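Read-outs: derived from the displayed coordinates by stated rules, not from any lab. This one's a predicted model, so the numbers in the text were calculated from it and none came from an experiment. Cβ placement follows ideal geometry from the backbone for every residue including glycine, while neighbour counts extend to all protein chains displayed.
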2 protein chains.
Amino acid sequence: MPRAERERQMMDAGVRVFGERGYRAASMDEIAELAGVSKPLVYLYLNSKEDLFTACIRRESAALIAAVRAGVRVDVPADRQLWDGLTAFFAHTAEHPDGWAVLHSQARSGGDPFVAEVVAMREEIVAFVTSLIAAAAREAHGDPELAEREVAGLAQALVGAAEALAGWANGDDSVSAREAAATMMNFAWAGLGNLMAGARWSVPDAS
Amino acid sequence: MPRAERERQMMDAGVRVFGERGYRAASMDEIAELAGVSKPLVYLYLNSKEDLFTACIRRESAALIAAVRAGVRVDVPADRQLWDGLTAFFAHTAEHPDGWAVLHSQARSGGDPFVAEVVAMREEIVAFVTSLIAAAAREAHGDPELAEREVAGLAQALVGAAEALAGWANGDDSVSAREAAATMMNFAWAGLGNLMAGARWSVPDAS
């Protein structure tokens with residue numbers, strides 16, 4: 001088996017064990033066993049538990065960001081862009097619950113260097129969402145007061161809400177990725193004020 | 001000095017050091033020095049680093065929940081209840097940045113038993129927000145489809161957005177608690193759809 005393929009198997013096992021147990025409680029014996037290799041081979045290929053955890057965080061970050069970016073087309077209306085990005089996000093976190101646990105919860109269990117990795121990933125996602133909201137606001141040309149600073153705050157709120165809903169959906173098998181995305185659109189696009197008045201955001205038929 | 005007062009000083013020091021350094025990197029020597037007592041006295045009163053951290057998490061949880069509950073009056077319109085709750089939340093997290101860091105970030109750095117403490121606190125806040133949204137939806141009697149399940153999702157989104165904005169505001173001195181609350185209302189009450197069309201939520205004058 002080629003080295004790249006072996007490393008992928010080791011990282012798959014690492015994400016699973018780190019996602020379930022956290023950094024400190026995770027055992028390299030368990031990771032090696034799950035990957036079907038010897039523990040010395042894990043150390044030979046990936047050097048140390050620290051390096052393996054870092055590699056897992058980076059791979060899962062890159063995969064999540066790529067999934068969201070791939071989901072969004074810029075030639076559609078702003079609410080459709082948001083819907084597409086959210087459905088891509090929730091589909092990815094639902095399909096990769098251990099990867100999501102590593103990024104959202106477990107990275108912090110290892111301390112500072114790992115926290116820095118996920119902080120960098122989160123900033124990249126916030127910057128992407130900020131650019132989407134700013135572009136939509138410019139196109140809508142409705143509100144000259146939707147300043148850069150406020151857009152930054154709205155993007156933080158949106159990312160925080162999406163993170164919380166991913167945790168909610170992953171903790172409850174009956175909540176689908178689509179339901180999480182629809183809840184998010186009703187919350188963030190329609191707004192609670194409209195929901196109270198019975199005005200909902202409509203899920204597009206063709207997705 | 002009475003024991004209760006001494007313990008309060010030790011916990012103040014604990015929240016500060018745990019909030020800045022995390023659980024493992026925090027030193028009991030530094031906590032004792034900051035509290036102006038000997039290290040053996042800290043152990044005599046609070047037993048262990050684990051117990052001190054648990055006591056800090058519980059005290060900061062209880063204070064945050066009490067501050068939010070005290071901010072909300074139930075005899076005002078739903079958007080005013082939300083505004084009042086949010087201003088109380090952001091004022092508290094701004095005034096207690098180390099306490100907020102302990103709850104939101106650092107609890108996880110200590111591992112499972114501490115995670116369980118903050119998960120319980122978060123569930124209490126989500127339940128409180130759920131009851132507020134459900135009561136508002138009942139009063140508005142607009143949308144019979146705003147079912148219990150969807151209200152639970154909206155509450156998760158709201159709490160996640162507020163957590164993210166508290167981190168944003170605490171990381172940038174120029175963002176006031178009031179600005180964070182106003183951003184949250186524009187996001188969660190007015191909704192991005194209205195903001196794009198130039199329709200904002202209005203901050204009440206009398207607060």
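Would you look at the GNM of chain A, springs on alpha carbons closer than 10 Å, and say which of A:TRP100, A:TRP83, A:TRP168 moves the most?
For chain A, modelled as a Gaussian network with Cα springs under 10 Å, the answer is A:TRP168.
What is the local net charge at B:PRO77, summed over the other residues whose Cβ is closer than 14 Å to its Cβ (Lys, Arg +1; Asp, Glu -1)?
Working: positive: B:ARG73, B:ARG80, B:ARG138; negative: B:ASP75, B:ASP79, B:ASP84, B:GLU139.
Taking every other residue near B:PRO77 into account, the sum is -1.
Taking the Cα centre as origin and putting +1 on Lys and Arg beta-carbons and -1 on Asp and Glu beta-carbons, what dipole magnitude results for the protein assembly as shown, to the nearest 20 debye?
The calculated dipole for the protein assembly as shown is roughly 500 debye.
Given points 7 Å out from each Cα along the Cα-Cβ axis, report the B:ARG80 to B:SER131 separation in nanometres with one decimal.
Placing both labels 7 Å beyond Cα along the Cβ direction yields 2.1 nm.
Which FRET efficiency, nearest 0.05, do B:ARG58 and A:ARG69 yield, Cβ-Cβ r, R0 35 Å?
0.25
Over chain B, with a Gaussian network built from C-alpha contacts below 10 Å, which listed residue (B:ARG80, B:ARG138, B:ARG108) shows the highest mean-square fluctuation?
Largest GNM mean-square fluctuation: B:ARG138.
Along the positive direction of the dipole of chain A (beta-carbon charges: Lys, Arg +1; Asp, Glu -1; about the Cα centre), which of A:GLY19, A:ALA91, A:TYR43 reaches farthest?
A:TYR43
By the scheme Lys and Arg +1, Asp and Glu -1, what is the net charge of all other residues having a beta-carbon under 15 Å from that of B:MET1?
0
Placing unit charges on C-beta atoms (Lys and Arg positive, Asp and Glu negative, everything else neutral), compute the dipole magnitude of the range B:57-196 about its Cα centre in debye, rounded to 20.
180 debye
Among A:ALA4, A:ALA66, A:SER174, whose Cα sits farthest toward the positive end of the charge dipole of chain A (+1 at Cβ of Lys/Arg, -1 at Cβ of Asp/Glu, about the Cα centre)?
A:ALA4
What ratio of Cα Rg to 2.2 N^0.38 Å holds for the range B:57-196?
The reported ratio for this selection is 1.05.
How big is the range B:38-87 by the Kirkwood estimate over distinct Cα pairs, in Å? Let's see the in-between values first.
Details: mean 1/r = 0.0761 Å⁻¹.
Over the range B:38-87, the inverse of the mean reciprocal pair distance is 13.1 Å.
Along its principal axes, what span do the Cα atoms of the range A:99-175 show, with the longest given first and each in whole Å?
43, 35, 14
Given the rule -39500 (n - 2.57) for each run of at least 4 DSSP H residues, summed and divided by the residues of chain A, what is its mean residue ellipticity at 222 nm, to the nearest 500 deg cm²/dmol?
-24000 deg cm²/dmol
On the first, second and third principal axes, largest extent first, how far apart are the outermost C-alpha atoms of the protein assembly as shown in Å?
For the protein assembly as shown, the Cα spread along each principal axis is 70, 57, 36 Å.
I'd like to know which of B:PHE53, B:PHE128, B:GLY111 lies farthest towards the positive end of the charge dipole of chain B, counting +1 on Cβ of Lys and Arg and -1 on Cβ of Asp and Glu.
So the residue we want is B:PHE53.
Gaussian network model of chain B, Cα springs within a sub-10 Å range: biggest mean-square fluctuation belongs to which of B:SER105, B:SER174, B:SER131?
Comparing B:SER105, B:SER174, B:SER131 in the GNM, the peak value goes to B:SER174.
As an exercise, use a Förster radius of 25 Å and the Cβ-Cβ distance of B:ASP51 and A:ASP112 to find the FRET efficiency, rounded to the nearest 0.05.
Here the calculated transfer efficiency is 0.55.
Any chance you could list the semi-axes, whole Å, largest first, of the equivalent ellipsoid that the Cα gyration tensor gives for the range A:81-128, using √(5λ)?
Three semi-axes, in Å: 22, 14, 5.
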